[in-house]
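Trainee: Provided herewith is a single structure, encoded as structure tokens, for subsequent inquiry.
The values are calculated or read from the model by the stated rules, or taken from the named source; none is laboratory data. These figures come from a predicted structure and were not determined experimentally. Cβ sites come from the backbone with ideal geometry, for glycine too, and all protein chains shown count toward neighbours. When the accessible area is computed, the model is the full protein with side chains, heavy atoms only, and any ligands, DNA or RNA have been set aside. Shrake-Rupley method; radii C 1.70, N 1.55, O 1.52, S 1.80 Å.
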Amino acid sequence: MTKKIRVAVLGATGLVGQAMLDCLIARNFPVDQLYPLATANSAGETIQFGRRDYEVLDAETFDFSKADLAFFTAGADASRHFAPRALAAGCRIVDNTSAFRMDKNVPLVIPEINADTIHDAPLIANPNCATIQLLMALYPIDQRFGISEVVVSTYQSVSGVGRSGVEALAKQSIGILNSKAVEDSEAFPAGIAFNVIPQIGTLDEQGYSEEEEKLYQESRKILDRDDLSIHATAVRVPTFFGHAESVFFRTAQPCDAAAIETMLSEAAGIKFWPHPSYPMPRYDALESDEVHVGRLRAVHDDTEAFSFWSVTNNVQKGAALNSIQIAEVMFGVRT
């Protein structure tokens, strides 16, 4: 009989937090007691889990010894603040923020790739959504042929910044379509409606954005490939849900597109779209937990250079689902 698990969700009122609650139900995760948590601003609200309504508790006053597992998705600052308290109380954590991803003592996990790094770790970090999407497709290729170089351009939806991003795009779009003055949102460095912004996060002295650095650093850590060359350009686009990526990669050994197509067609968590079909965020990613890959092609006559297009639901596999999958391994719900 599967052990029942007492679960806390920090950030339960947010976009990803609510997706986590839905995912716990959809995957029949053995929840014994549920403790929805939030910071003081959202504490006291009511959320629904299954057929019950739950009051959202103030994380500041919550006793983490009541929970066996906590999902953290309220931002990096909140994770850094509450993690020591939860760990001291014996509560294991799956953290969906950037707070601990590059800590050498914290496993950074995509279960289809490196679930073996979880072991008995009390704290597991969930990677950035764009990193998960990229590596789900590249990993089987790297395992067979080796990958020496990656160039990726991301086209990331506004839900990547949470509810504020979705609301900003909706409000700005309505305003522009009604010929009204539109104010920019603090969620983005410029107006997002009918626009494309080639910056996600602050820019460093070399000109790389935070999102681009996450793709670089996290990919090398997850694959355990400090030698891997990755160059990323991260772009925010005016779509509500679903991230897209255009990926060029070079293999260490000669191969052909047919061999790569076979591997991607058989890989767990991937839906491959053969030519001439291809996936799109609005039509294919929203109701799916898979990473969709299409437009695979060789770079003319180069037997070591290829490219593909991918889309996925960033709130699901990019955040909530991957976190739940980590917890399933941690507690032996699934292997």
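Trainee: Inside region 23-33, can you point out the residues that are touching a residue at least 60 places away in the same chain (Cβ under 8 Å) and under 21 Å from the mean Cα position of the chain (by Cα)? Please lay out each step first, then the result.
Mentor: Here is the first cut: in region 23-33, the ones touching a residue at least 60 places away in the same chain (Cβ under 8 Å) are 23-24, 27, 29-30.
Across region 23-33, the qualifying residues are 23, 24, 27, 29.
Trainee: Only one residue in 166, 109 is buried (at least 21 other Cβ atoms within 10 Å of the Cβ) and of a type in the set (A, V, I, L, M), so which one is that? Don't jump to the end; show me each part of the working.
Mentor: Numbers: 166 fails: buried (at least 21 other Cβ atoms within 10 Å of the Cβ).
When all the criteria are applied, what remains is 109.
Trainee: Would you mind finding the one in 179, 153, 157, 79 that is within 28 Å of residue 286 (Cα to Cα) and surrounded by fewer than 20 Cβ atoms within 10 Å (Cβ to Cβ)?
Mentor: Only one candidate qualifies: 153.
Trainee: Then there is this: Anything in region 88-127 that is in contact (Cβ under 8 Å) with a residue 40 or more places away in the chain and farther than 17 Å from residue 327 by Cα? List them, or say none.
Mentor: Those that are in contact (Cβ under 8 Å) with a residue 40 or more places away in the chain and farther than 17 Å from residue 327 by Cα: 98, 102.
Trainee: Where in region 103-212 are there helices (runs of 4 or more DSSP H), lying fully within it, with 3 or more residues that are closer than 26 Å to residue 308 by Cβ? Don't jump to the end; show me each part of the working.
Mentor: Working: elements: 111-114, 129-145, 163-177.
Correct list: 111-114, 129-145.
Trainee: Would you be able to say whether some residue in region 136-143 is within 29 Å of residue 84 (Cα to Cα) and either of a type outside the set (D, E, K, R) or open to solvent by less than 20 Å² (accessible area, probe 1.4 Å) (or both)? Explain how you work it out, then say what you get.
Mentor: Narrowing region 136-143 to residues within 29 Å of residue 84 (Cα to Cα): none.
Checked against the condition, which is being within 29 Å of residue 84 (Cα to Cα) and either of a type outside the set (D, E, K, R) or open to solvent by less than 20 Å² (accessible area, probe 1.4 Å) (or both), region 136-143 yields no hits at all.
Trainee: Working only within region 287-335, note down all residues that are modelled with pLDDT of 95 or more, within 18 Å of residue 123 (Cα to Cα) and part of a loop (DSSP other than H, G, I, E, B).
Mentor: Within region 287-335, 331 is the sole residue that qualifies.
Yes/no matrix, rows are residues, columns are (1) of a type in the set (A, V, I, L, M, F, W, C); (2) open to solvent by less than 30 Å² (accessible area, probe 1.4 Å); (3) part of a strand (DSSP E or B); (4) without any contact (Cβ under 8 Å) to a residue 40 or more places away in the chain:
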{"position": "9", "(1), (2), (3), (4)": "yes, yes, yes, no"}
{"position": "21", "(1), (2), (3), (4)": "yes, yes, no, yes"}
{"position": "35", "(1), (2), (3), (4)": "no, no, yes, yes"}
{"position": "44", "(1), (2), (3), (4)": "no, no, no, yes"}
{"position": "60", "(1), (2), (3), (4)": "no, no, no, yes"}
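Trainee: Which of the residues belonging to region 34-52 are farther than 18 Å from residue 82 by Cβ and touching a helix residue (DSSP H, G or I) at 6+ places or on another chain (Cβ under 9 Å)?
Mentor: 47, 48, 49, 50
Trainee: Next question, about the same structure. Under 17 Å from the mean Cα position of the chain (by Cα), assigned to a strand (DSSP E or B) and farther than 18 Å from residue 125 by Cα - does that describe any residue in region 269-286?
Mentor: yes
Trainee: Still on this model: If I filter region 234-267 down to residues being part of a strand (DSSP E or B), open to solvent by less than 50 Å² (accessible area, probe 1.4 Å) and out of contact with any Pro (no Cβ under 9 Å at 6 or more places or on another chain), which single residue comes out as farthest from residue 153 (Cα to Cα)? Show your work before the answer.
Mentor: Narrowing region 234-267 to residues part of a strand (DSSP E or B): 234-236, 243-251.
Pick out the ones that are also open to solvent by less than 50 Å² (accessible area, probe 1.4 Å) and you get 234-236, 243-247, 249, 251.
Then keep just the ones that are out of contact with any Pro (no Cβ under 9 Å at 6 or more places or on another chain); that gives 245-247, 249, 251.
Working: 245: 6, 246: 5, 247: 7, 249: 12, 251: 18 Å.
Looking at the filtered set, the residue picked out is 251.
Trainee: Give the residues of region 303-324 that are open to solvent by 10 Å² or more (accessible area, probe 1.4 Å) and either of a type in the set (Gly, Ala, Ser) or free of Cβ contacts under 8 Å to residues at least 24 places away in the same chain (or both), sorted by residue number.
Mentor: Of everything in region 303-324, just one residue is open to solvent by 10 Å² or more (accessible area, probe 1.4 Å) and either of a type in the set (Gly, Ala, Ser) or free of Cβ contacts under 8 Å to residues at least 24 places away in the same chain (or both), namely 307.
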